[in-house]
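These notes are about the structure you will find just below.
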Amino acid sequence: MTSFQFDASVMLETLPLLMEGARLTLWVTLLGCFFGFLFGVAAGVSRSLDSPWARRLAGIYIELIRGTPLMVQVMFLYFGLPLILGLRFPPLTAGVVAIALNSGAYIAEVARGAIAEVAKGQMEAARCIGLTQAQALRFVIWPQAFRAMIPPLGNQFVISLKDTSLLVVIGVGELTRSGQEVIAVNFRAFEVWLTVALLYLCLTLGISLSLRFLEKKYKLVQ
Amino acid sequence: MIQIKEISKSFGGKKVLDQVTMRLDQGEVVVVIGPSGSGKSTLLRCINALEQPEEGEVWLCGQNMATADLNHIRSIAGMVFQQFNLFPHMSVLDNLTLGPKIVQGMPLKEAKDLARALLHKVGLADQSSAFPHQLSGGQQQRVAIARALAMKPKVMLFDEPTSALDPELIGEVLAVMRQLAEEGMTMVVVTHEMGFARSVANRVVFMDQGKIKAQGPTERFFNAPSHPRLQNFLSKVLNH
Ligand SMILES: Nc1ncnc2c1ncn2[C@@H]1O[C@H](COP(=O)(O)OP(=O)(O)O)[C@@H](O)[C@H]1O
Ligand SMILES: [Mg+2]
């Protein structure tokens, strides 16, 4: 056996520092998923339109993101893109953009599925009173699809939160990065990673619970 | 008012409408009957361009549906479906005001007044804040009729409006349709309610296998059915 001794006080001492990281993690996730939601809805709706161009464009975006690892997307955004753009985003901006683009592609599929699930008769009824396809989507289909999207949306939210730990590679000071920094000073890998894990768990549980609450609140009676 | 000229429509190689020709004058009520799968719904859906026929032409109020601005012309023909298709996330009142508000740009207050008047007309004045799922099937279908009327259509198309209803709820829906007919609305009604057809229709059309096999003024149609398949069909529906 090693001479390792578990020291709970380390966990308490490092907590304030790690909480800073957790706060940033939550921010990046919220911002990333907010824009991801906008991208996702735009792409998901485009996939549901009659226009072949809108469908194709959204399809390319979705395949591109879903077919490549997030890590590569992050590196490309932060290290690759600046070489042709001539300017580099700050790490935090690049991180938020990466999470937004990435979650957007998955949310797009969720949105497309939810729209497809709304009964076909709803679109027809809307068209029959003279609404255009876009108006029907906005006023009739979307409000119903959105309710069906809440559970999978929560799922994606949790996934994105965990994905933010990858942003450590471009130096975003989120929770995982804070863990590394603390360990570099106190060498207490066990206690620190345990605390980091517990903090992630609190965050994901918090998201799951709030989404479940939303789901109940917006439940649609058929 | 409606002119259908030799339209044909196929689904996956199967001819669902085969050279159908029909015309409807203002104020006429035509009932379409026929066995299931004979193309009745498809015929109605061609009238408001939910389906596009491959051959032939549909004219609605002097406009060719193949070249008309569909979004505009669709609301000229109100449609009532077997499954009601009310918007479940909106109150009854909002179901009625959506079209006038969005499509016609009617001010909200005016749209609400119109909606209340129509709900009164279909006997549901007290249900304006209810949601569709809180209503019986018969009430939902009456809301659906009022929703179509809110667009001030020139023609009303009914696709088996009472087929999804419990027998005791059919009467209230037919009563609303009867009243509409009496007020002079032009109507095409697909139904199996022969009593309604006899008492309300000016003309009855019998469809079978994508073709109009028989048609005529209501009295003559029922008293002297001309076609053997029609006699067979009538003996089946009239006996239960
Ligand atoms: N969208 C569609 N796709 C494929 N087949 C269809 C479609 N709509 C109708 N059909 C077929 O066309 C035939 C006629 O349908 P329909 O017009 O609904 O008949 P009816 O209303 O008289 O029962 C049926 O065999 C049906 O299966
Ligand atoms: Mg039918």
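The values are calculated or read from the model by the stated rules, or taken from the named source; none is laboratory data. What you see is a predicted model; the values in this text were computed from it and never measured. Using ideal geometry, Cβ is built from the backbone for each residue, glycine included, and neighbour counts are taken over all protein chains shown. Ligands, DNA and RNA are excluded from the accessible area calculation, which covers all protein heavy atoms including side chains. Shrake-Rupley method; radii C 1.70, N 1.55, O 1.52, S 1.80 Å.
What's the buried accessible area, both sides, between A and B using a 1.4 Å probe, rounded to 100 Å²? Chains A and B together bury approximately 1900 Å².
Charge dipole (Cα centre; +1 on Lys/Arg Cβ, -1 on Asp/Glu Cβ; no other charges) of the stretch B:12-94 amounts to roughly 240 debye.
Helical content of chain B, expressed as a calculated mean residue ellipticity at 222 nm, amounts to -11500 deg cm²/dmol (DSSP H runs of 4 or more residues, -39,500 (n - 2.57) each, divided by residue number, nearest 500). Could you tell me whether the stretch B:115-159 comes out rounded, prolate or oblate from its Cα gyration tensor? Rule is a ≥ b ≥ c as square roots of the eigenvalues, rounded for a/c under 1.5, then prolate if a/b exceeds b/c, otherwise oblate. Oblate is the answer for the stretch B:115-159, as a/c is 1.5 or above yet b/c matches or exceeds a/b. Per residue of chain A, the DSSP helices (runs of n ≥ 4 H) give a summed -39500 (n - 2.57) that works out to -25500 deg cm²/dmol at 222 nm. Each Lys and Arg Cβ is given +1 and each Asp and Glu Cβ -1; about its Cα centre, the protein assembly as shown then shows a dipole of about 600 debye. Under 5 Å between amide hydrogens, built in the peptide plane, is the criterion, and for B:Val32 it picks out B:Val189, B:Val190, B:Thr191, B:Val205 among residues at least 5 positions away or on other chains. Shown here for the stretch B:151-204: GluC sites (Glu not before Pro) in loop regions (DSSP other than H, G, I, E, B) with at most 16 other Cβ atoms within 10 Å, namely B:Glu183. Dividing the radius of gyration of the alpha carbons in chain A by their Kirkwood radius gives 1.08 for Rg/Rh.
Heavy-atom accessible area with a 1.4 Å probe sorts B:Val80, A:Val185, largest first, into A:Val185, B:Val80. Relative to the dominant Cα principal axis of chain A, helix A:8-48 is inclined by about 20°. For chain A, the carbon plus sulfur part of the accessible surface works out to 69%, probe radius 1.4 Å. Compactness of the protein assembly as shown was expressed as the Cα radius of gyration divided by 2.2 N^0.38 Å, which yields 1.34. When +1 charges are put on Lys and Arg Cβ atoms and -1 charges on Asp and Glu Cβ atoms, the dipole computed for chain B relative to its Cα centre reaches about 200 debye. What are the chymotrypsin sites (Phe, Trp or Tyr not before Pro) within the stretch A:171-205 that DSSP puts in a loop, where the Cβ has at most 11 other Cβ atoms within 10 Å? Sparse-neighbourhood loop chymotrypsin sites (Phe, Trp or Tyr not before Pro): A:Phe187.
Simple spin-label estimate for A:Gln133 and A:Phe213 gives 4.0 nm between the two label positions (7 Å along the Cα-to-Cβ direction from each Cα). Ellipsoid fit via the Cα gyration tensor, the stretch A:1-115: semi-axes of 37, 18, 14 Å, each the root of five times an eigenvalue, largest first.
On C-alpha positions alone, give me the angle between the axis of helix B:137-149 and the longest principal axis of chain B, in degrees, nearest 10. Computed tilt is about 90 degrees.
On full extension, the segment bounded by A:Leu83 and A:Arg66 gains 3.7 nm, given 0.36 nm per residue less the C-alpha separation. Of the residues B:Pro132, B:Gln215, B:Met151, the one whose Cα sits farthest toward the positive end of the charge dipole of the stretch B:125-240, with +1 on the Cβ of Lys and Arg and -1 on the Cβ of Asp and Glu, is B:Gln215. The heavy atoms of B:His133 present about 80 square angstrom of accessible area, all protein chains included, probe 1.4 Å. For chain A, the longest principal axis of the Cα atoms and the long axis of helix A:175-186 meet at an angle of about 0 degrees. Scaled to the globular estimate 2.2 N^0.38 Å, the Cα spread of the stretch B:50-145, given as radius of gyration, is 1.24. Here the 3J(HN,Hα) profile of the stretch A:99-104, calculated from phi with Karplus coefficients 6.51, -1.76 and 1.60 at θ = phi - 60°, is 5, 5, 4, 5, 5, x Hz, Gly and Pro shown as x.
Normalised per residue, the accessible area of the protein assembly as shown is 48 Å², obtained with a 1.4 Å probe and no contribution from ligands, DNA or RNA. For B:Val16, the residues 5 or more places off, or on other chains, whose built amide H falls under 5 Å of its own are B:Lys9, B:Ser10, B:Phe11.
Computed from the C-beta positions of A:Trp53 and A:Leu17 and an R0 of 41 Å, the FRET efficiency is 0.25 to the nearest 0.05. Largest GNM mean-square fluctuation across B:Leu174, B:Leu108, B:Leu118, computed for chain B with C-alpha springs under 10 Å, falls on B:Leu108.
Backbone geometry of the stretch A:81-86 corresponds, through the Karplus equation with coefficients 6.51, -1.76 and 1.60 at θ = phi - 60°, to 3J(HN,Hα) couplings of 4, x, 5, 9, 7, x Hz, x marking Gly and Pro. Solvent-accessible surface, computed for protein heavy atoms with a probe of 1.4 Å, shrinks by 20 Å² or more for the following residues of the stretch B:80-106 when the other protein chains are added to the isolated chain: B:Phe81, B:Asn85, B:Phe87, B:Pro88, B:His89, B:Leu98, B:Ile102, B:Val103.
What are the GluC sites (Glu not before Pro) within the stretch B:45-141 that DSSP puts in a loop, where the Cβ has at most 15 other Cβ atoms within 10 Å? Sparse-neighbourhood loop GluC sites (Glu not before Pro): B:Glu54.
Against the empirical curve 2.2 N^0.38 Å, the C-alpha radius of gyration of the stretch A:133-214 lands at a ratio of 1.56.
Per residue of A:129-139, other chain Cβ atoms within 10 Å of the residue Cβ number 6 on average.
Projecting the Cα atoms of A:Leu12, A:Val41, A:Asn155 onto the dipole axis of chain A, where Lys and Arg carry +1 and Asp and Glu carry -1 at the beta carbon, places A:Val41 farthest toward the positive end. Put the Cα centre of the stretch A:2-71 next to the Cα centre of the stretch B:98-128 and the gap is 44 Å.
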